[in-house]
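Read through the structure below, which is laid out as structure tokens, and then see the notes.
The values are calculated or read from the model by the stated rules, or taken from the named source; none is laboratory data. All of these numbers come straight from a predicted model, not from anything done at the bench. So basically every Cβ, Gly included, is an ideal-geometry build from the backbone, and we count neighbours across all protein chains shown.
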């Protein structure tokens, strides 16, 4: 059987197991998720009849079968808090998180690759110490604390950038350019926090990979031939480090696209991360189940993409049938 087919089958089986675990755990939470959707003035008899029609009193395995059948046709249910179909809510929120995450991961990757290359090529002790200090700061301080400092400095003290939200109010009559600039200004602080928190990890990982490759015999041969450090790094070292770069990028992308809960909540951004927070706070059980499944799907999907990219960028990697 083809390797990728095996991986897809195993991914489907894994998603099936995750769906069972998610459904059982959510259904063990005390409370009735349907009560928020029923008017308080409704009589007890009518509430009982409605719950029976919905299937609230069915055994848990019957509930699961009914739910998974709907999930398979992308009917994730109805949100009791938002009052809309869950598939529409997730799609709407994911668009913003995808945009925010994509920008952050691209900036992080570019800066990390350049700084890692400088550390390895120039062996700049000052830069290495700065990166080590930055790594200590980002690992010892939570992201919400960094976000609060950034908001205090740039939004409240210097008044250069907006503190929260994805856009300013009352922009309906503004030009497209003004709307674009306004939305871009709202992105700067959250992107900065995400990049700031991610760069040290990227650099630590990439620097180690670049150093290992730089010690290989073929690099010594290239140096003996008179190639400059820049040529060696840009054409040979970075090319041979593409697999580690794909690995760490896919891991970080999972985190970004799964919803940067703290960052989106602090900056009041309409993304998947904040949606996760609001779903739990408002006990929107079906939305919680859908989000857990969605995040699991992202992890599995990005893992499959990584395997596929490995074989494309490195012909030496072959997956046997």
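Going through 169, 160 one at a time, which residue ends up being within 20 Å of residue 103 (Cβ to Cβ) and exposed (fewer than 13 other Cβ atoms within 10 Å of the Cβ)?
Values: 169 fails: within 20 Å of residue 103 (Cβ to Cβ).
None of the others qualify; the one that does is 160.
Within the range 193-215, if we keep just the residues that are free of Cβ contacts under 8 Å to residues at least 12 places away in the same chain and more than 30 Å from residue 143 (Cα to Cα), the residue that is nearest to the chain's Cα centre (by Cα) turns out to be 212. Being crowded, with 17+ Cβ neighbours inside 10 Å and touching a helix residue (DSSP H, G or I) at 6+ places or on another chain (Cβ under 8 Å) is a property that residue 218 lacks.
A search for C-beta distances below 7 Å between a residue of the range 51-79 that is free of Cβ contacts under 8 Å to residues at least 24 places away in the same chain and any residue that is not in a helix (DSSP H, G or I), counting only pairs 6+ apart in sequence or on different chains, returns 51/34; 51/57; 54/34; 66/55; 70/77.
Restricting 25, 5 to residues that are closer than 30 Å to residue 307 by Cβ, under 33 Å from the mean Cα position of the chain (by Cα), at pLDDT 80 or above and surrounded by fewer than 15 Cβ atoms within 10 Å (Cβ to Cβ) narrows the list to 25.
Scanning the range 95-115 for residues that are free of Cβ contacts under 8 Å to residues at least 40 places away in the same chain and closer than 19 Å to residue 293 by Cα turns up at least one hit.
Here's a check for you: in the range 126-146, which residue that is surrounded by fewer than 16 Cβ atoms within 10 Å (Cβ to Cβ) and under 19 Å from the mean Cα position of the chain (by Cα) is modelled with the highest pLDDT? The extreme case among them is 144.
How many residues does the range 245-284 contain that are at negative phi and not in a helix (DSSP H, G or I)? Don't jump to the end; show me each part of the working.
First, pick out the residues of the range 245-284 that are at negative phi: 245-258, 260-267, 269-282, 284.
Then keep just the ones that are not in a helix (DSSP H, G or I); that gives 258, 260, 267, 269-271, 282, 284.
The total comes to 8.
Applying the set (1) at pLDDT below 85; (2) over 22 Å from the mean Cα position of the chain (by Cα) to residue 152 leaves exactly one unmet item: (1). Taken as a whole, the condition of being surrounded by 13 or more Cβ atoms within 10 Å (Cβ to Cβ) and free of Cβ contacts under 8 Å to residues at least 12 places away in the same chain does not apply to residue 149.
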